[in-house]
Each structure stands twice: as C-alpha cells, then as structure tokens.
Amino acid sequence: MNLSSFLRRGSVLGAFVAAGLVAGCGDDAESVTTDVAGLADRTLTWAISDVDVVEGVEPAGAHRVTIEFSLASGGICSRLADGATATFNGQAMTLKPGGINGTAGRDVCEPTRAFIDVDPNVWAQQPVEDARIVLKDGSGTVSLVIQGGKTKRRFAFQGAGSADRLARGQTYSYLWEPDTETPGGVTVTLLREGGTASATVPSTQEGGLVTFTIPASTPVANHLLTLSGSVGLTALECTGVSSCTGSAFHSEGFIVTIQ
C-alpha cells in the first residue's frame, strides 16, 4: 500500500466518530414517525472531523461536522418527519431522518443525523468561532453551541531544523493548535514508503505539545508521519435533548525523509 492509499483508506477511519451508527431491528421492529419535540429524551452526539490528507484524493467526510441522535428506547425505530431543517452557523446541513433500512438484506434501525462538509482552507483564514447547530420544525427546536468549535486545527513543528528531514535518534516536537485546546493522548505513527503497516512511535505530551524520538532502527527512507488526537470541547448550550456529548478529531500527515 502506498502513502496515498494509506491516507485515503486508513487515516480517516478515526475521524468518523458519530457517522453511520446502525443497530439491528429484527423482523418485528416497530417504526414510528417523530417530530423534533419527540427527540427530547435522546442523547445528541456531535463530531468535528478534521483530517488533513497530504497527498491523493481527500476521502468523503474528511472535514465534516456531524450530529447524531441516540435510538429510541423500547424497541421502537423512529424516523424524523418531513419538514425539519438543520443548520450549522446558518448554513444548511444534510439531514438524514433515520428509520428502518432493509437494503442490506436485514432490517437495521438508522439514527436521525445531520452533517455538513466544510472547507478547511476557508476555516484556516477565519477567526475562531463557536459552532452553532440548530435542528427545528414546527414542534420545537434542538440547539447546540460548542465553544470554539469552528476553527482549523493543526500540528505545528517546533524548534530548529527542517520539518521534512528527521534524523534517527533525534527528538522532535509538534504543537496542537489552537494552543488554547488540550487534546487527549495524541498518537504518532510512521509508515515507510512502500510499506503496508504503520508503526506507533512512543511519545510524551505536555498540554498540547507532543514530543517523540525517531527510533534508531527506523529505515532510511521516505515515511508518512501522522499525528492524530481528539479534544473535548464545552457545550455552551444544549437544549431540546436530554444531553449532548462529542469531540473534535484532528489527524495530519507529513511526508518526511528519515536519515
């Protein structure tokens, strides 16, 4: 597998935190139609996906904001009624009403969800902004405001030297930006050009600063260096549902020469 294939097929997988969740319904599943007010007892899960592909075609969903509602209880599969709209900071989102889907050969209950694909280059030129998601119809409104959710995230090379030429046995650091955020455990991997499996590089972290040493056994060659992590953000507003939960995921690849 080459570096381009790896990025298209592998790096993005961790980003789809909230998309595509389905559950088996069984032949006796009960399907009902609900309105937005009927989502009041559900959990809303949100995800911000920010996966920077260094080469090749960017896969669908690499830069996407998604919301998804938990399934109804009691063996009921609900579908959101027509007429509802979803927006992200005033822009229309693609709304999937959910319900029973039997196209896979068995009935599955798909959750109600909405998503929007965003342009990372535009976000990079704009100031940090709260992410505001609104789902509404004539019966009610679900509102979610994520503090600082709309911003371009990146890993910035720190210190002297060249970011694209790394030496075995040397230590390097990258800073998660914006530096006001502190991600959870960041993962660092190396994939040799022409290789089929990436290797995890041990790292330490202080706040958003990630530090690692290139193993002495690393082959002299071009590699794909990938840093990935998630950060929890504060929900300033969560109304119309029982609770809101989620995180922002960022993954970034760099082509480096190990010498």
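The values are calculated or read from the model by the stated rules, or taken from the named source; none is laboratory data. Just so it is clear, the model here is predicted, and its values are computed rather than measured. Because the Cβ atoms are built from the backbone with ideal geometry, glycine has one as well, and the counts that use them run over all protein chains shown.
The table below gives the values:
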item: Top-ranked residue of segment 109-138 - restricted to ones that are out of contact with any Lys or Arg (no Cβ under 9 Å at 6 or more places or on another chain) and within 24 Å of residue 69 (Cβ to Cβ), ranked as surrounded by the fewest Cβ atoms within 10 Å (Cβ to Cβ); result: 138
item: Some residue of segment 47-55 being crowded, with 22+ Cβ neighbours inside 10 Å, among the polar types (S, T, N, Q) and either at pLDDT below 95 or closer than 22 Å to residue 130 by Cβ (or both); result: yes
item: Selected residue [touching a strand residue (DSSP E or B) at 6+ places or on another chain (Cβ under 9 Å), closer than 20 Å to residue 51 by Cβ and among the charged types (D, E, K, R)] from 106, 79, 132, 154; result: 154
item: Odd one out for residue 213 among (1) over 18 Å from the mean Cα position of the chain (by Cα); (2) closer than 30 Å to residue 118 by Cα; result: (2)
item: Top-ranked residue of segment 31-57 - restricted to ones that are part of a loop (DSSP other than H, G, I, E, B) and either without any contact (Cβ under 8 Å) to a residue 12 or more places away in the chain or closer than 20 Å to residue 238 by Cβ (or both), ranked as nearest to the chain's Cα centre (by Cα); result: 42
item: Pick from segment 175-201, criterion under 20 Å from the mean Cα position of the chain (by Cα) and outside any loop (DSSP other than H, G, I, E, B), ranking: surrounded by the most Cβ atoms within 10 Å (Cβ to Cβ); result: 176
item: Residue satisfying all of: in segment 202-216; free of Cβ contacts under 8 Å to residues at least 40 places away in the same chain and outside any strand (DSSP E or B); surrounded by the fewest Cβ atoms within 10 Å (Cβ to Cβ) among these; result: 202
item: Residue match in segment 236-249 (condition: buried (at least 18 other Cβ atoms within 10 Å of the Cβ), part of a loop (DSSP other than H, G, I, E, B) and over 22 Å from the mean Cα position of the chain (by Cα)); result: yes
item: Residue within segment 115-125 that is over 20 Å from residue 35 (Cβ atoms), in contact with a Gly (Cβ under 7 Å, 6 or more places away or on another chain), β-branched (Val, Ile, Thr) and outside the structural domain of residue 214 (by TED's automatic domain parsing) present; result: no
item: Segment 142-156, residues that are in a strand (DSSP E or B) and without any contact (Cβ under 8 Å) to a residue 40 or more places away in the chain; result: 156
item: Residues of segment 137-154 that turn out to be of a type outside the set (A, V, I, L, M) and closer than 11 Å to residue 239 by Cβ, as a count; result: 3
item: Test: residue in segment 124-140 that is free of Cβ contacts under 8 Å to residues at least 60 places away in the same chain, in a loop (DSSP other than H, G, I, E, B) and acidic (Asp, Glu); result: no
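Yes or no, residue by residue, for (1) in contact with a strand residue (DSSP E or B) (Cβ under 7 Å, 6 or more places away or on another chain); (2) at pLDDT below 95:
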| residue | (1), (2) |
| --- | --- |
| 176 | yes, no |
| 188 | yes, no |
| 194 | no, yes |
| 198 | yes, yes |
| 204 | yes, no |
| 208 | yes, no |
| 219 | yes, yes |
